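Below: one structure, written as structure tokens.
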Amino acid sequence: MKSLKCLILFTFLVVTACKSQGNLKINLADPKATASTVKLFTNMQALTAKGIMIGHQDDLAYGIGWKAPNGKSDVYKVCSDYPAVFGWDLGHIEKGSAVNLDSVPFSDMKKYALEVNAMGGINTFSWHLDNPLTSGSAWDVTKNGVVKSVLPDGANHAEFNRWLDNVAAFFSGLKDKNGEAIPVIFRPFHEQTGDWFWWGKAHCTAEEFSQLWQYTVKYLNETKNIHNLVFAFSTGGSFDNVKDYSDRYPGDKFVDIVGFDFYQDANQPNAEFSKLLEARLKVLFEFSKVRNKLPALTELGYERIPDPVWWTKTFYPTVENLPLSYAMFWRNAANRPNHFYMPYPGQISEEDFKKFYALPGTLFLKDIEKVHIYK
Ligand code: BMA
């Protein structure tokens, strides 16, 4: 009897272990993702029940009127807390440049990412990579066929592999004090439903785009043995239904997070922005539920935040109570006048942002620190 009980218990434990392992494996694009990468993702999923994590691009690198090392975080200056999510861009790493396209040194970016990880925050990386066919920027769309040229058999394939090698070296170099590469989100080839980047809709077929995405994921995971990445697919902001949204979707096996980038235009009435954002989010949730992916607002904002109560009267009511993982606001450029998306001391929405910060549904670093998202 005792041995039967033991056998039942043993079988139960084995089945449970396999099941949870299996589920976790199914959830991530990289079946060999490190344990802490899997943890990051599952904790992000769980956090959607608590609120929306607020993020900011280049938060520690520069802001309005300052540049590191002489200053740190406009968000911190306003609410005495850091964002929960920190965005960075790898643009120009492909060329071996020491600084990214917005002049952030990659050595500093690495330092910031490790700092964020140690504080318990989340790093997400986009990549405004140059055009490999023309040597122009990511926005150079003067020639079609660029995507095709980097795929296997294409004229720029070998060069593209070298570019991915640089990306892989950066990601694998993000080692914590235990020597483990820290988990991060990678959000390549974003806004692919628009026409402004060389990987955009007008410049390649859906099949070519899928191949580009799948090749990139496999190259990093399998060829380069990188296992600290969660992959985010993020479209441009104009789509009306799931069909439009997923036109360039490379498949469930290659994506973990699904999102889109969405900005309020100058002079666009708040009500119109809210209505559109609400409609897009409805489509996103429709898609993410069926595909079992984590939904996020991967980039957004209202340039210059000209409305003193935008945070609590326009943005928050639109997203309140939605199981959205995070909303990442774009950068506060130090080198481009009026190109900012987060308040800074003295900015007209500062007081309202403090109220936004205090709402239970907005999560900043202190809120997620307690969760230990990597454990
Ligand atoms: C754009 C602008 C540019 C910047 C680019 C990449 O939206 O902010 O100034 O170079 O993103 O970060």
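The values are calculated or read from the model by the stated rules, or taken from the named source; none is laboratory data. It should be emphasised that the depicted structure is a prediction, and the values quoted were computed from it without experimental measurement. Neighbour counts are summed over all protein chains in view; Cβ atoms, including those assigned to glycine, are modelled from backbone coordinates with ideal geometry. Just the protein is used for accessible areas: all its heavy atoms, side chains included, with ligands, DNA and RNA removed. Shrake-Rupley method; radii C 1.70, N 1.55, O 1.52, S 1.80 Å.
Solvent-accessible area of the chain (1.4 angstrom probe, protein heavy atoms only): carbon and sulfur portion equals 55 percent. Partner aspartates and glutamates whose Cα lies under 13 Å from the Cα of Lys175, excluding those fewer than 8 positions away in the same chain, are identified as Glu115.
Helix screen, the chain: DSSP H segments with Cα axial length of 20 Å or more and mean Kyte-Doolittle hydropathy at least -1.0 are 2-27, 157-172, 270-291.
Beta bridges from DSSP with both residues in the chain: antiparallel share about 10 percent, rounded to the nearest 5.
Separation of the alpha carbons by more than 24 angstrom is noted, of Lys243/Lys289; Lys39/Lys110; Lys218/Lys282; Lys289/Lys354; Lys50/Lys72, for Lys218/Lys282; Lys289/Lys354; Lys50/Lys72. Looking at the chain, the accessible area is 43 square angstrom per residue; that uses a 1.4 Å probe and ignores ligands, DNA and RNA. With respect to the cross-link table entries Lys111/Lys355; Lys67/Lys111; Lys201/Lys253, which display a Cα-Cα separation exceeding 23 Å? In this structure, Lys111/Lys355 lie more than 23 Å apart at Cα. Note on Ala206 and Lys243: the extension gain reaches 12.1 nm, defined as 0.36 nm multiplied by sequence separation minus the Cα-Cα distance. Summing charges over neighbours of Lys95, with a neighbour being any other residue whose Cβ is under 11 Å away from its Cβ, gives -2 when K and R count +1 and D and E count -1. Over all directions, the projected convex hull of the C-alpha atoms in the chain averages 20.4 nm² in area. Approximating the spin labels as points 7 Å out from Cα along Cα→Cβ, the Asp108-to-Tyr263 distance works out to 2.2 nm.
Our note on the geometry: Cα centres of the stretch 223-245 and the stretch 50-64, 20 Å apart. Working ranking of peptides 150-163, 194-207, 45-58 by packing, defined as the average number of other Cβ atoms within 10 Å per residue, highest first, is 45-58, 194-207, 150-163.
Given their separation in residues at 0.36 nm each and the Cα-Cα distance between them, Val309 and Ser135 gain 58.3 nm when the chain is fully extended.
With the cut-off at 1.5 for a/c, could you classify the stretch 126-272 from its C-alpha gyration tensor as rounded, prolate or oblate? Verdict is oblate for the stretch 126-272.
For Gln57, neighbours were defined as the other residues whose beta-carbon sits under 10 Å from its Cβ, and their charges (Lys and Arg +1, Asp and Glu -1) total -4.
Sorted from longest to shortest, the spans of the Cα atoms of the stretch 34-169 along the three principal axes equal 50, 38, 25 Å.
Would you compute the Debye intensity of the stretch 263-375 from its alpha-carbon atoms alone, equal scatterers and no solvent, and pass along log10 I(q)/I(0) at q = 0.10, 0.19, 0.22 Å⁻¹ to two decimals? Debye intensities relative to I(0), on a log10 scale: -0.33, -1.13, -1.38.
When a/c reaches 1.5 or more, the comparison of a/b and b/c decides; with that in mind, is the stretch 189-280 rounded, prolate or oblate per its Cα gyration tensor? Note, shape of the stretch 189-280 comes out prolate.
Take the Cβ atoms of Val99 and Lys275, set R0 to 30 Å, and the FRET efficiency comes out at 0.15.
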